[in-house]
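The values are calculated or read from the model by the stated rules, or taken from the named source; none is laboratory data. Quantities reported herein were computed from a predicted structural model and do not represent experimental measurements. Here Cβ is always computed from backbone atoms with ideal geometry, including for glycine, and neighbour counts include all displayed protein chains. The area values use the complete protein model at the heavy-atom level, side chains included, leaving out ligands, DNA and RNA. Shrake-Rupley method; radii C 1.70, N 1.55, O 1.52, S 1.80 Å.
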Amino acid sequence: MKFTLSWLKEYVDTGDLSPEALAEHLTMLGLEVEGVTEVFPELKPLKTAKVLSVEPHPNADSLHLCEVAVGEEILSIVCGAPNVRKDLVTAIALPGTIMPDGMKIKPSKVRGVKSNGMLCSERELGLSDSHTGIMELPDDLAHGLPLRSALGLDDLQIEVDLTPNRPDCASVIGVAREVAGITRTPLTPPVSKAVLEPDTCEFTVDIEDSEQCGRYAARLIKGVTVAPSPWWIRKRLLSIGLRPINNVVDITNLVMMEYGQPLHAFDYDTLAGRQILVRFPKSSEKTFTTLDGVERTLEQDMLMICDAAQPVAVAGVMGGLNSEVTETTTNILLESACFNAISIRRTARRLNLPSEASYRFERGVDPDGCITAMERAASLLSEVAGGTVVPGGVDRYGGIRPLNSQTLRISRTSALLGIDLDYDKIADLLQSIGIRCVEKDKDTLWVNPPSFRIDIEREVDLVEEVARLIGYDNIPTSLPTVSLSYPEQDPQRRLRSQTADLLTSIGFFEAINYSFVTEKHLSLMQLAENDLRRKQVALLNPLSEEQSVMRTMLLPALLENVKRNINFQKNNVKLFELGKVFSPQGENEQPIEKERLTGILSGRRDGDASSLYFSDENVDILDAKGGLEELLENLRLQGCSATDLVEFRIPEEEEVEPYSDAAQCLLLDSKKGALGQLARLQPEVAKLFGIKQELFFFDLDFELLCSLQAIPKNFSSLPVFPAVKRDIALLVPVEVKAGDLLETVRSSKEKFIEHCEIFDVYQGKSLEKGTKSVAISLTYRSPTKTLTEKNVNKSHTKIIQKLTSQFNGSLREG
């Protein structure tokens, strides 16, 4: 949005604000000023001149020798303009002047006669396209004056970058209203709150869809004379970069920039049937030629302005060549309308036809301002073009908006801005920019935003208005109060992170798979038809057939991961996933989500480590068991807790999963229920997934794992007395579990036993059939004294006797 400082001052008193201060205030109000520049600075070297005499050129019939007065200086100029005459006041470029097109004026000889400058046309000065003669200035204008001052161009252009929510400021009066809020001076527009007389009978207006055209008003002006605009109109348009065309078009452009309401003038005598119809194109109307002479392709949702026979304008974008105002036009139909913003934006983009009018319609035009802007243009047409405004007109207002009343709480406004405010202060601020308000109660205002403020929809928008008008830089800065207390963390999230860190530390990689899987997975896992895991949540709009249901198991996706790794020659795989599985409830109910922990192992035990230093042994079920034991021990869920002991056991036949190898399968139990299992995957299932190598897995209920009470941490001083180590090698029946031997030692209540562990299990030909050798290492220590041989032997003998008697074993010799 561009305007000049002098134009702005016609509507509001800026007081003693400098241009720089004014720009700063506008920017702080949210109207960012991109630049404040001089108008036509390239005209600074030019001056006014008066032609004293005109003589024919001795060597050219089309040239003249002129004596020109520039202040006290008399110059001889050779000029070829047909309108040069005695006493004409015009513009002169003296030697050394650089013209707007970059040409430098120098003293020169023209057909043998010296010329000391150049008398200039408007086109040479960049003021218009006219080149029929040199510029003609008022006869009473003094010569020798700076041309910019003489033309009233000694002004500043201000350019404001508007946000899309402030279409009310796409006008000089809109910006002036904001300035009035700063200076607390009244806004004085040339026309305000105009009212249109009853309908005229000379033409009709019909609107096909009031959603697309909320309001359409028109007036008839007869007897106009189309001619160049007076200088004051042309000056304003030139100062903001618009090209003057003729007085009728220039007035519609001037009022548009003044009020923000686009207008259009039709040649009334070209309108068939003296009718205006706002409608969409008919199926036979495929193309339309706009004012720029370009034939454009129409689409069925492009809103058009039509007469009784054909389209005459693209609504809100550009008029048509068939109703253009020309030099022969005498009667004008003046349009002032409000169109649907989305429709205009779409049409302008499709036609690649941006315009000043579409710029404003796209952002939203105030329908209540249509009549005021039209009356301003009608009065200017009567004054400047000599037209007679026909009494009355047509106003079709089918898109009347409901009253946008809002309540504004004083306490809420004060709290949000952090300053103390009262009714008088808030009311004064809002009323300074045209927002009416009255007191409802001690803490509340009734606020009625004007129709041109389409951006005010909620109470917080009004609070923002108060903040803008106070000035953001005048609101005190305060740091927020931040509590220094450490936020409480979700225990399950913390345990999840701890589990992931631990598993990655022992060689696993975490996998993250989609929750959407194929329903074929469960058949590949050989689940029974009545297995609850076959009840899956189906997606209404799946991405693909391979992602049509929500998973009830994590293992199938991990098997797909293993297959992919093997296909890329990565045969040594250790993966785990912590994720949710989903079980349907009922129709229109959310599925139950449960979190599980699943891991899978395959290939070499030492992964891709060099065979030079590490063995080539493959993983087995003990690797999976060892990984879980490490996890449980670090989570303090295995050991000596009396309530939540987690233990491994061999499953019953009916407890073995169909995809697990019953010969290599262990279950994990806790006091709160079954925690999960680990096993060797059935080779047949692995082959169904395209995997030939041996696989081991574990699958745990992670939510149950999180609910278990961890063994409290106990701290004790470091031992100061030495330990004594003894070994026991027992021959026991093969069905005896080595873990039961350890549990018996731990529960023996021998006070000197500090630690025990199994370091060897052996079965071979050297042993009696049906027996095995289990070697246990025991550590004895007293916290109060150094143990004697007698103390150790006494405890050690008791342990041997208890193990041999309870498990029908004997000491192994040799």
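Among the residues making up the stretch 185-201, those that are open to solvent by 30 Å² or more (accessible area, probe 1.4 Å), more than 14 Å from GLU375 (Cβ to Cβ), assigned to a loop (DSSP other than H, G, I, E, B) and at pLDDT below 90 are PRO198, CYS201.
Among the conditions (1) in a helix (DSSP H, G or I); (2) modelled with pLDDT of 90 or more, the only one that ASP473 does not satisfy is (2).
Restricting attention to the stretch 239-281, which residues are of a type in the set (Ser, Thr, Tyr) and over 30 Å from PHE40 (Cα atoms)?
TYR268, THR270 - these are the residues of the stretch 239-281 that are of a type in the set (Ser, Thr, Tyr) and over 30 Å from PHE40 (Cα atoms).
GLU457 - would you say it is of a type in the set (Asp, Glu), closer than 30 Å to LEU631 by Cα and part of a loop (DSSP other than H, G, I, E, B)? Criteria not met by GLU457.
Considered as a group, the residues in the stretch 461-508 that are among the small types (Gly, Ala, Ser) and surrounded by fewer than 14 Cβ atoms within 10 Å (Cβ to Cβ) include one that is farthest from THR183 (Cα to Cα), and that residue is SER505. When THR518 is tested against (1) touching a residue at least 12 places away in the same chain (Cβ under 8 Å); (2) surrounded by fewer than 17 Cβ atoms within 10 Å (Cβ to Cβ), just one condition goes unmet, and that condition is (2).
All of LYS725, LYS713 fail the test of being of a type in the set (Lys, Arg), in contact (Cβ under 8 Å) with a residue 24 or more places away in the chain, out of contact with any helix residue (DSSP H, G or I) (no Cβ under 6 Å at 6 or more places or on another chain) and in a strand (DSSP E or B), apart from LYS725. Considering the stretch 612-682, the qualifying strands (runs of 3 or more DSSP E), each wholly inside and each with 3 or more residues that are surrounded by 15 or more Cβ atoms within 10 Å (Cβ to Cβ), run over 660-670, 673-681. Of all the numbered requirements in (1) touching a Pro at 6+ places or on another chain (Cβ under 6 Å); (2) closer than 30 Å to ARG236 by Cα, LEU94 misses one, and that requirement is (1). Among the residues here, SER130 qualifies as in contact with an Asp or Glu (Cβ under 7 Å, 6 or more places away or on another chain), under 25 Å from LEU242 (Cβ atoms) and either of a type outside the set (Ser, Thr, Tyr) or open to solvent by less than 80 Å² (accessible area, probe 1.4 Å) (or both). Scan the stretch 7-16 and give yes if some residue there is over 40 Å from the mean Cα position of the chain (by Cα), aliphatic (A, V, I, L, M) and surrounded by 16 or more Cβ atoms within 10 Å (Cβ to Cβ), otherwise no. There is no residue in the stretch 7-16 that is over 40 Å from the mean Cα position of the chain (by Cα), aliphatic (A, V, I, L, M) and surrounded by 16 or more Cβ atoms within 10 Å (Cβ to Cβ). Looking at the stretch 594-614, can you tell me whether even one residue there is out of contact with any Lys or Arg (no Cβ under 6 Å at 6 or more places or on another chain), of a type in the set (A, V, I, L, M) and modelled with pLDDT of 95 or more? Scanning the stretch 594-614, I find at least one residue that is out of contact with any Lys or Arg (no Cβ under 6 Å at 6 or more places or on another chain), of a type in the set (A, V, I, L, M) and modelled with pLDDT of 95 or more, so the answer is yes.
Residues in the stretch 592-610 that are open to solvent by 30 Å² or more (accessible area, probe 1.4 Å), touching a residue at least 12 places away in the same chain (Cβ under 8 Å) and under 41 Å from the mean Cα position of the chain (by Cα): GLU593, LYS594, ARG596. Take the conditions (1) of a type outside the set (Phe, Trp, Tyr); (2) over 30 Å from PRO449 (Cβ atoms); (3) open to solvent by 60 Å² or more (accessible area, probe 1.4 Å); GLY117 misses just one of them, which is (3).
So, of the residues in the stretch 543-590 that are touching a Leu at 6+ places or on another chain (Cβ under 9 Å), under 13 Å from GLU519 (Cβ atoms) and part of a helix (DSSP H, G or I), which turns out to be least open to solvent (accessible area, probe 1.4 Å)? Selected residue: PRO556. Among residues of the stretch 275-296 that are of a type in the set (Ser, Thr, Tyr) and in a loop (DSSP other than H, G, I, E, B), those with a beta-carbon under 9 Å from a residue that is modelled with pLDDT under 95 and open to solvent by 70 Å² or more (accessible area, probe 1.4 Å) at least six positions away or on a different chain give the pairs SER283/GLN300. Filtered by the rule that a residue be crowded, with 16+ Cβ neighbours inside 10 Å and outside any helix (DSSP H, G or I), the stretch 422-433 gives SER432, ILE433. Within the option set GLU72, GLU24, GLU67, GLU20, being touching a residue at least 40 places away in the same chain (Cβ under 8 Å) and surrounded by fewer than 17 Cβ atoms within 10 Å (Cβ to Cβ) holds for one residue only, GLU72.
Look at (1) over 20 Å from ASN561 (Cβ atoms); (2) not in a helix (DSSP H, G or I) and you find that SER497 fails only one, number (2).
Here's the yes/no breakdown for (1) surrounded by 22 or more Cβ atoms within 10 Å (Cβ to Cβ); (2) among the hydroxyl-bearing types (Ser, Thr, Tyr); (3) touching a Pro at 6+ places or on another chain (Cβ under 9 Å):
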residue: ASP209; (1), (2), (3): no, no, no
residue: ARG219; (1), (2), (3): yes, no, no
residue: PRO228; (1), (2), (3): no, no, yes
residue: TRP232; (1), (2), (3): no, no, no
residue: LEU237; (1), (2), (3): no, no, yes
residue: ASN247; (1), (2), (3): yes, no, yes
residue: GLN261; (1), (2), (3): yes, no, no
residue: THR290; (1), (2), (3): no, yes, no
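When the criteria are applied in full, VAL438 fails the requirement of being surrounded by 14 or more Cβ atoms within 10 Å (Cβ to Cβ), β-branched (Val, Ile, Thr) and over 30 Å from the mean Cα position of the chain (by Cα). Cβ-Cβ contacts under 8 Å between residues 6 or more apart (or on different chains), taken from a first residue in the stretch 202-223 that is at positive phi and touching a residue at least 60 places away in the same chain (Cβ under 8 Å) to a second residue that is part of a strand (DSSP E or B) and among the aliphatic types (A, V, I, L, M), are absent. When LEU527 is tested against (1) open to solvent by 90 Å² or more (accessible area, probe 1.4 Å); (2) within 25 Å of GLU684 (Cα to Cα), just one condition goes unmet, and that condition is (1). For beta carbons closer than 7 Å, sequence separation of 6+ or different chains, a first residue in the stretch 246-259 that is within 16 Å of SER355 (Cβ to Cβ) and a second that is modelled with pLDDT under 95 and among the acidic types (Asp, Glu), the qualifying pairs are MET256/GLU356. In the stretch 763-814, the residue that is most open to solvent (accessible area, probe 1.4 Å) out of those that are outside any loop (DSSP other than H, G, I, E, B) and free of Cβ contacts under 8 Å to residues at least 12 places away in the same chain is LYS790. When PHE696 is tested against (1) closer than 30 Å to GLU754 by Cα; (2) not in a helix (DSSP H, G or I), only condition (1) is not met.
Among the residues making up the stretch 725-762, a single one is exposed (fewer than 12 other Cβ atoms within 10 Å of the Cβ) and small (Gly, Ala, Ser): SER747.
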